[in-house]
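FYI, it's all coordinate maths here, none of it is from the lab. On a predicted model such as this, the values are computed, not experimentally measured, just so you know. Reconstructed Cβ throughout: ideal geometry from the backbone, glycine too, with neighbour counts over all protein chains shown.
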């Protein structure tokens, strides 16, 4: 009959739990990094936790890429699966870079605005977890998409405050250099979460 369609080979639905695992791991990395900033005396221990998240993220990425190559029918375009998986991994890498720099530079007093920016990163990451739970149906994502967009705008505002603080003359030049590297990595991570949302929104529009 015309108009009736069916699949001889079912879609590989196993990508969805892997994407959820990836963003949950991302959110855990963000929380561990924030714990490190909140307790710099134990920064090394929290950094070890971030390293574990980075390794776990790499493993999830490998599993997804393997499934792209081995699945006959993917739930959406292979290019989009690759982009989404890689972007999730990139954000974890940004968080790892920020945590690594905190330890390497022996930061003993982060700027208050750095904590504020990190709080935004954690919140955005947790919203991304909720967003990914809606990926199988590709519907009802408006609240999460709007929230992540708002948080990214808030992060931009906080970033401008940090830059103003860094170059106010209050800090020594070497401290400015050290903290700037960390701040940029945190900002990159927040922007990366927004990019995750953008990819998911693009996928949803393609399949609307």
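Of the residues 23, 158, the one with the fewest other Cβ atoms within 10 Å heads the list, and the complete ranking is 158, 23. Using the average count of surrounding beta-carbon atoms within 10 Å as a protection proxy, the listed peptides 150-156, 187-193 rank, highest first, as 187-193, 150-156. Extension gain, residue 168-residue 208: 0.36 nm per intervening residue step, less the Cα-Cα distance, totals 9.5 nm.
Site pair residue 86 and residue 51 shows an inter-label distance of 2.8 nm when each label is modelled 7 Å from Cα along Cα→Cβ. Helix 78-104 versus the longest principal axis of the chain: what angle, 0 to 90°, nearest 10, using Cα atoms? Taking Cα atoms only, the helix is inclined about 20 degrees. Considering only alpha-carbon pairs that sit under 8 angstrom and 6 or more positions apart, the relative contact order computed for the stretch 92-172 is 36 percent. Among 39, 94, sorting on how many other beta-carbon atoms sit within 10 Å of each Cβ, with the fewest leading, yields 39, 94.
Could you order the peptides 124-136, 52-64 from most to least packed, using the average number of other C-beta atoms within 10 Å per residue?
124-136, 52-64
Working from label points 7 Å from Cα in the Cα-to-Cβ sense, the residue 146 to residue 180 distance is 3.8 nm. In percent, rounded to a whole number, the relative contact order of the chain is 28, using alpha-carbon pairs under 8 Å and six or more apart.
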